[in-house]
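Worksheet: one structure, shown below.
The values are calculated or read from the model by the stated rules, or taken from the named source; none is laboratory data. Everything numeric here is computed off the predicted structure, so don't read it as measured data. Here the Cβ is made from the backbone with ideal geometry for all residues, glycine too, and neighbour counts use every protein chain on show. The protein model used for the area step is the full one, side chains on, heavy atoms only, and it has no ligands, DNA or RNA in it. Shrake-Rupley method; radii C 1.70, N 1.55, O 1.52, S 1.80 Å.
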Amino acid sequence: MAQLSDDCFAFGGQLMSVDQAAALIAERVSPVTDAEAVPLHAARGRVLTAPLLAPGPLPPFFNSAVDGYAFAHAGGGEMRLPLAGRVAAGRPAAPLAPGTAMRIFTGAPMPAGADTVMMQEDAALDGQTLLLPAGLKRGANCRPAGEDVAMGAQALAAGTRLGPAEIGLAAALGLAALGCTRLLRVGVFSTGDELAAPGSALAPAQTYDSNRFTLLALLAGLPVQATDLGILPDEPTATADALARAAAGHDLLLTSGGVSTGEEDHVRAAIEGAGSLVFWRLAVKPGRPAAMGVVAGTPVLGLPGNPVAAVVCFLHLARPLILRLAGAAPETLPRFPAIADFGHRKKLGRREYLRVRLRRDGTQLLAEKFGREGAGLLTSLTETQAFCELPEEMVALSPGQAVLVLPFIGLF
Ligand code: AMP
Ligand code: MG
């Protein structure tokens with residue numbers, strides 16, 4: 001469990017910058033070391049614990065890259081070679097008789113003595129004789145053994161997050177399972193007396209709990225086994241008790257709501273009551289009230305209640321924390337250059353994430369701000385495609401200015 005030291009990292013009452021929070025997580029959270037063999041079909045999103053060294057060369061043997069004619073290169077001049085023999089994929093090749101060419105198909109082994117293939121689309125035949133024009137390069141249209149990965153070479157580094165390409169590479173090397181960090185147990189609470197579970201009837205003054213479902217969906221893309229821990233009341237003792245109980249069975253706890261400065265916000269005090277606070281309040285909009293703590297050695301992230309703020313803080317705190325726990329190589333959120341199609345003023349010293357629509361203008365990306373403000377607007381996420389990141393030092397953005405955008409497609 002406990003990968004986080006119990007001391008308070010930095011808590012001076014100051015707002016912490018997003019980068020400082022990320023640095024604290026990187027410094028103080030140690031990866032889980034338990035590994036397990038994961039079959040390839042279940043490996044998507046999992047993190048490799050050790051480098052994958054190629055047990056054999058890839059491709060495993062010298063083979064043709066096209067359908068055509070294999071022959072022995074003889075300096076590149078024009079040649080006439082009688083056809084002798086044929087080799088298809090999956091069949092052994094007889095040696096090439098000197099002074100002949102052999103019919104060959106994509107993926108078939110090169111016959112001994114051949115080093116070059118003429119593509120069938122480019123080949124001219126005179127009956128059973130191949131007419132080779134001058135100028136074909138030695139080694140054209142064939143694939144040497146190990147040209148992709150040499151035997152013994154590192155195919156994937158430790159800490160790699162496995163996606164379709166990595167899984168395909170492991171399969172091509174003949175592996176059916178890979179050593180990965182075990183799934184992290186992440187528990188998700190919502191907090192708030194006003195919250196009702198979707199599917200139930202809404203009582204007066206109630207609103208449906210959406211964050212729990214957003215967070216569980218965000219976790220689905222990570223190497224996590226998530227537990228839905230339901231809704232906590234706005235009550236300090238119940239909250240502290242629930243955190244203490246859940247800490248024992250989880251590698252990370254996430255809460256949302258109840259972490260602001262209001263009298264009904266009890267999460268920060270509950271973290272302090274059940275464990276210790278690491279930081280509280282980030283210099284980010286939306287997302288300012290976020291808190292992090294440790295309860296019985298288990299990290300706890302108190303995400304803000306406003307749905308957009310919860311997402312922003314998930315991406316900047318929960319995601320890196322989970323990747324760190326899982327032993328993944330550090331990665332930053334993907335940012336792309338765009339041109340602002342709007343003007344905006346902001347507070348110095350605070351990072352802002354605006355929701356923007358993306359439009360292509362030639363080879364440029366234009367970012368257009370969502371029309372309404374508010375970290376509670378769920379449609380500001382469904383009707384846009386990216387966050388536009390405005391850095392701490394910026395105070396005014398003018399239309400036409402270069403910005404960085406974080407497309408949801410790379411985040412969610
Ligand atoms: P709080 O920080 O608890 O005051 O929450 C800020 C706002 O977010 C309030 O309007 C809450 O009703 C709302 N909120 C908190 N938690 C959730 C949730 N799980 N789903 C949807 N809205 C929430
Ligand atoms: Mg609340």
Within segment 293-328, which residues are open to solvent by 10 Å² or more (accessible area, probe 1.4 Å) and in contact with a Ser or Thr (Cβ under 7 Å, 6 or more places away or on another chain)?
Gly305, Pro307, Gly327
Close pairs from segment 184-211: first free of Cβ contacts under 8 Å to residues at least 12 places away in the same chain, partner within 16 Å of ligand 2 (Cβ to nearest atom), Cβ under 6 Å, at least 6 apart:
Leu202/Ala196
Test: Leu125 is open to solvent by less than 50 Å² (accessible area, probe 1.4 Å) and either at negative phi or within 16 Å of ligand 2 (Cβ to nearest atom) (or both):
no
Given (1) modelled with pLDDT of 95 or more; (2) open to solvent by 70 Å² or more (accessible area, probe 1.4 Å); (3) within 21 Å of Val308 (Cα to Cα); (4) not polar (S, T, N, Q), where does Glu373 come up short, assuming only one miss?
(1)
Spans of helices (runs of 4 or more DSSP H) in segment 182-301 with at least 3 residues within 16 Å of ligand 2 (Cβ to nearest atom) and within 24 Å of Arg351 (Cβ to Cβ)
211-219, 267-274
Among Ala226, Ala196, Ala244, Ala205, which is open to solvent by 40 Å² or more (accessible area, probe 1.4 Å) and over 31 Å from the mean Cα position of the chain (by Cα)?
Ala205
Filter result for the condition that a residue is at pLDDT below 95 and not charged (D, E, K, R), over Gly77, Gly90, Gly113, Gly159
Gly77
Segment 376-387 - residue that is within 11 Å of Asn306 (Cβ to Cβ) and crowded, with 16+ Cβ neighbours inside 10 Å and, of those, farthest from the chain's Cα centre (by Cα)
Leu377
Elements of type strands (runs of 3 or more DSSP E) contained in segment 35-121, each with 1 or more residues being hydrophobic (A, V, I, L, M, F, W, C), over 30 Å from Leu321 (Cβ atoms) and outside the structural domain of Ala220 (by TED's automatic domain parsing)
68-71, 79-87, 101-104, 116-119
What pairs come up if the first residue lies in segment 320-335 and is within 11 Å of Val47 (Cβ to Cβ), the second is of a type in the set (Ser, Thr, Tyr) and in a loop (DSSP other than H, G, I, E, B), and their beta carbons are under 7 Å apart, counting only those six or more places apart or on different chains?
Gly327/Thr49; Ala329/Thr160
Condition set in contact with a helix residue (DSSP H, G or I) (Cβ under 8 Å, 6 or more places away or on another chain) and charged (D, E, K, R), scope segment 230-260, selection nearest to ligand 1 (Cβ to nearest atom): answer is Asp241
Sole residue being modelled with pLDDT under 95 and crowded, with 16+ Cβ neighbours inside 10 Å, chosen from Val38, Val66, Val29
Val29
